[in-house]
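Each remark here refers to the structure printed beneath this line.
Rule-based calculations on the coordinates, nothing more; no lab input. Only a predicted model underlies this, so the values are computations on that prediction, with no experimental measurement involved. Glycine gets a Cβ as well: all are built from the backbone with ideal geometry, and neighbour counts include every protein chain shown.
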Amino acid sequence: MEERMKTKKSVFKKFIAMSLLLNLALTPTVAVIGNTVYAEKSNTYEDEKLPDFCLPAIDKKTGKKITKEITLKVKTHPDFADWGEDEYEITSVNGIFDFTEVEDKGNLYTIEIVGNTDYQFSNIKKDKKDLYILKFDELKKTMRTSNFNGDEVQINSIIFEKTSNNDEEEKEPEIENKKVTIQDIDVVFEDGTPVPDGINFHTFNKENKDMEDYVTKNGKLKGVEAPVGNRMKLGISTDKDKYTLKLDNEYGNYIWFKANKDGIAKYYDEVSGKTSSNEVKKLIVVKKSDLVGTKPENGKLTKKVLEVFDTTTHKTVTEDNVKFVVTGGGEVKEFVSKNGKVELELYKNTDYTINIVRALEYTFKMNGFKFRINDDDSVVTDTKEKVERLNVYQGSYLVRIYVIHGGKHVTKSIDFKIEEIGSDSVQIKRNENNFLNFDASIGKSYKITMKDKDSEYYLEKSIEFTVVKDPEDGLYWPKVAEGDSSQGKDRKVKAVFLKRYDGVGNDIPGLGGNDSETPCPSCPDNSNDVCEISKSKVKTLPITVKLPEGADKKDVKFKLFNSSKQRYEGEFSLDENGQLPSLELFEKNSYFLQLVSFKYFMHNKHFEAAKEGQFPYAFKDKKELKELVVKENTFKTLNDGTYEMDIKFVKDNRPLVNEEIQFISENHTTKATTDELGHLKVRLMEDVTYVTKPTNEKLIIDTFPLVVKDKTEWGVPGIKYVFDHSSCGSAEVIKVKDKILGRTNGSITCKPGNSTIKGMDFKDLFLISNHLDKADYQQLKDKDVMVLDLVLVNTLRQNCERTKLAYGEFEILRRVAANKKVVAVYYLNGDKKEDLKFEQSNDIVKNSDVHSIGIYPLVIEYEKAGLDFPDNNKQEVKNEWKLINDEWYRFDKDGNMIKDSWFEENGKWYYLESNGTMSKNEWVLVDGNWYFANASGRIASNEWFIVNGSWYFANTSGRIASNEWFMVNGIWYFANASGRIAANEWFMVDGNWYYAENDGHIAQSKTLNINNINYTFDSNGVLVK
């Protein structure tokens, strides 16, 4: 250390100075009680284990340590220098100030910067004499600063800011964020034996959300990479259902670490933010089956109540329904808290492990541990520590918001400053992949500004918010203050809305959307500008597929799903070179590839088209998609494209208990029942929009599109969450209400105002009304029609995404030519026609009782010259059929044409459409049920029939079986949601797998060889192995 100046003082002077401090109530002990605020450090500075009374020098702008020497003068405050003074000059060494040689730490000091410098203090407070104040707490070995007005702050560093705009900052070594390969890590079981090869691990970088996969080999993890100084998570990925990690005396799926420039990984504490001196050399893996154990013989259950305590706030957890999972005694059980306590019912003298179940309703975390209940009812850990309560803590909250200008994502990288209000904590973060990501803590307030002036964009006003629990959905959200409408009615922070200096696009709404009560207003719409919707295709390069050793490429197939258009666009096998062949992709559309295989596994890969003759771009991985890695399917489940989701339903702010909920989509419909906490588990398809509907007809849910989205970029490969596709908000909690209250209504209108849809709160969706060519529809060739594709678009998703609503109560208003008479309005589903109720008033056609939007083309049919009844037909037609212009019509006994109605004759049923024509050779939809009219117009009933190569069955009433089991001549069949009879295929019902053989018969009580694998089915047809 540099030489320091100091002046000797008398003992009497010290005594008097201390007496004065006591009289002013400014002693360290008094100050600690009540008034001390603990300032947080900058998140970009990597903590070091420093001796007491040593503080780092931090640059406020960069958040980094200042290695340039700075000299400080520490001097006795003049009010306490009547009997002499101490004075020290302390110079930083490698960015650290050492204050240990200040002898009289009970005194009060001033502090100033010596010599010419570009820096000034940022976190040191001044008194009324404009002197910077420094105090020592010998009891806690900490340092503080105060302004003598009750505002006293503990300081963990001295933060400096530049006094000028001179950008010639000191050049630190180019080390931080440089990627290094850390030391090899031994991965062993508790007995020290190496784990088998192939256990899947992954790293997650909390700074930029990057992830990498690694597998064990020869009992080690090798080649793990990490940027220097970044907060990294290393844990078990796809094998977490089979294994967990033992961490000292605790259990968990991952560890935190930071790597230094030499590639040494050291443990990092997520709660304290400190890096340990202990290196990450070994990971201990535990089989979860070993933790389950066996049920004790003659074991007796006992009840034990434990307090749930939040160590972050040092308070008992008062909110109910915090869920814990307990493993042991031959089973896995879940328990929930109530009134700050959880009641366990377990066997005595039996080993258990306990951990918290993470949920969106609360932010608590917990370090799992092993324990047992003794004969005396005491609870002890495996290290004999007594357990009186369950300690949980609150981790940081990951805030993810958009950066938007004129309704578009801002792709330019811009640095933002996120300051915690009332402390010195500053984060500098850059927007990446459409998001600005940063950490925040529950209950604390923050301010977002742009770090530097940008040449193109500016932020008109800083964004100030607090992370609080929303009383409506029970989830934590960053919310602006009451009365601030900048983020919408719910005040939830959705985006940073920028403006341009040149004014271009500044008048376009930030998140788009519109709502109007008029039938078809002329309203602005920027959806085409936002989405840049493309109908052009490009052809990609073939993609290499890496298979497990010995795998047969014939067993590997991929499905291609277009997330932007919400549809599957093909199934692909590997070519002769073992590659995925070239794909034809729409430009600016989002896709994912799904592996279809019972033997192999791969997380869905998400990408978009780049350019002709190039690899697709995997936007979640931020690189070209050149290779797909396929692994052995250790879960032994069929990859059917569905994922189990946990959703909570509430009514009147209470859990909705034991109610069945339907999930309805265009090509997949299912249902599940809520448990005692209002939760249900249901398997849903990714990127397909569902509408939820209670089976109980006394209940309703406001119509909204629910979608499962992959959030790999949040830290866990393949993890899925449910969202409201009209706003991108979470849908983990859904509100149910009494039917008598009615659904929330709203409307949306397209550009230039010719089409309007009513029937839900459309939030941030856009409506695009595309005109389709009737020449593409054979059945429309001789008709005068308008064919529309009504597209609801979510502009905030990657490349924009379509929203399809398969259920609801909607009304469509469409402007038509005033001189044309509309004779029919219907949806066209292939050969099927679904008639819609309509009424025409001048140039507006109103279609009511519409139950889907965006799935089928909407056809508006006009009266066509030459197709009317002949004028020379003077004979009145009564109670008979009449052939007019090759179409059959039926007239009743009074001569009135029968329209939009059933008609029965000689035991045979027919259907007359809204224009009076008899249905023939087509599908008929009446009251939500499908029927089929054959060539003579007769409605099929109690019979099989074939359409376009697929078999269907009509029951005795003529209704087509759909999404249900049915028996014919003692043989079971299954009809899917479209009514097609399952044949030569797998399908799932209520979580069980079945197989329909080539003739549609369900495999029962037999073993079948399918694709060279033997499968056994029980007497009910359920797959058992």
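Things worth noting here:
- Among Thr642, Ile66, Ser485 the positive-end extreme of the charge dipole of the chain (Cβ point charges): Ile66
- Net length gained if the chain between Asp849 and Lys453 were fully extended (0.36 nm per residue, minus Cα distance): 137.2 nm
- Overall Cα dimensions of segment 537-632 - principal axes, largest extent first, Å: 37, 25, 23
- FRET efficiency for Lys681 and Lys623, using Cβ-Cβ distance with R0 set to 45 Å, rounded to 0.05: 0.85
- Translational diffusion coefficient of segment 179-287 (Stokes-Einstein, Kirkwood radius from Cα pairs, 25 °C, 0.890 mPa s): 177 µm²/s.
- Only one residue of Leu139, Leu595, Asn562 has its Cα farthest out toward the positive end of the dipole of the chain, where Lys and Arg carry +1 and Asp and Glu -1 on Cβ, and that residue is Leu139.
- Cα-projected label distance for Lys287 with Asn696, points at 7 Å along beta-carbon direction, nm: 4.5
- Label zone of Glu331 (point 7 Å out along Cα→Cβ, amide N under 18 Å): in segment 662-691 this covers 676-677.
- Cα-based convex hull volume of segment 549-697 per residue, rounded to whole Å³: 147
- Gain in span if fully extended, Asp130 to Thr544, counting 0.36 nm per residue against the direct Cα distance: 142.2 nm
- Taking 0.36 nm per residue of separation and subtracting the Cα-Cα distance, full extension of the segment from Thr193 to Glu343 would add 50.3 nm.
- Peptides 1004-1013, 814-823 ordered by average Cβ neighbours within 10 Å, highest first: 814-823, 1004-1013
- Rh by Kirkwood over Cα pairs, then Stokes-Einstein D for segment 626-737 at 1.306 mPa s and 10 °C, µm²/s: 105
- Taken along the Cα-to-beta-carbon direction at a fixed 7 Å, the label points for Thr318 and Ser936 span 7.6 nm.
- In segment 584-614, the trypsin sites (Lys or Arg not before Pro) that fall in loop regions by DSSP, at most 14 other Cβ within 10 Å: Lys611
- Label sites at Thr181 and Tyr501, each approximated as a point 7 angstrom past Cα along Cα to Cβ, lie 4.6 nm apart.
- Highest average first, the peptides 903-909, 385-391 ordered by how many other beta carbon atoms sit within 10 Å of their residues are 385-391, 903-909.
- Counting only Cβ charges, +1 for Lys and Arg and -1 for Asp and Glu, the dipole size of segment 293-394 around its Cα centre is about 80 debye.
- Once divided by 2.2 N^0.38 Å, the Cα radius of gyration of segment 398-502 becomes 1.04.
- Among the trypsin sites (Lys or Arg not before Pro) within segment 109-146, those in coil by DSSP and having at most 15 neighbouring Cβ atoms inside 10 Å are Lys128, Lys129, Lys140, Lys141.
- For segment 329-399, the share of alpha carbon pairs falling in successive 5 Å distance bins from zero is 3, 13, 24, 26, 17, 10, 5, 2, 1, 0 percent.
- Put simply, when 573-586, 418-431 are sorted by average Cβ atoms within 10 angstrom per residue, most first, you get 418-431, 573-586.
- Cα-based equivalent ellipsoid, segment 913-998: semi-axes from gyration tensor eigenvalues, Å: 26, 13, 11
- Above-threshold pairs, the threshold being 30 Å between Cα atoms, out of Lys206/Lys623; Lys631/Lys709; Lys125/Lys447; Lys140/Lys453; Lys206/Lys626; Lys73/Lys266: Lys140/Lys453; Lys73/Lys266
- Cα-Cα separations in the chain greater than 55 Å, expressed as whole percent: 28
- Relative to the dominant Cα principal axis of the chain, helix 11-23 is inclined by about 40°.
- With helices as the sole contributors, the chain gives -500 deg cm²/dmol at 222 nm; each DSSP H run of n ≥ 4 counts as -39500 (n - 2.57), and the sum is divided by every residue.
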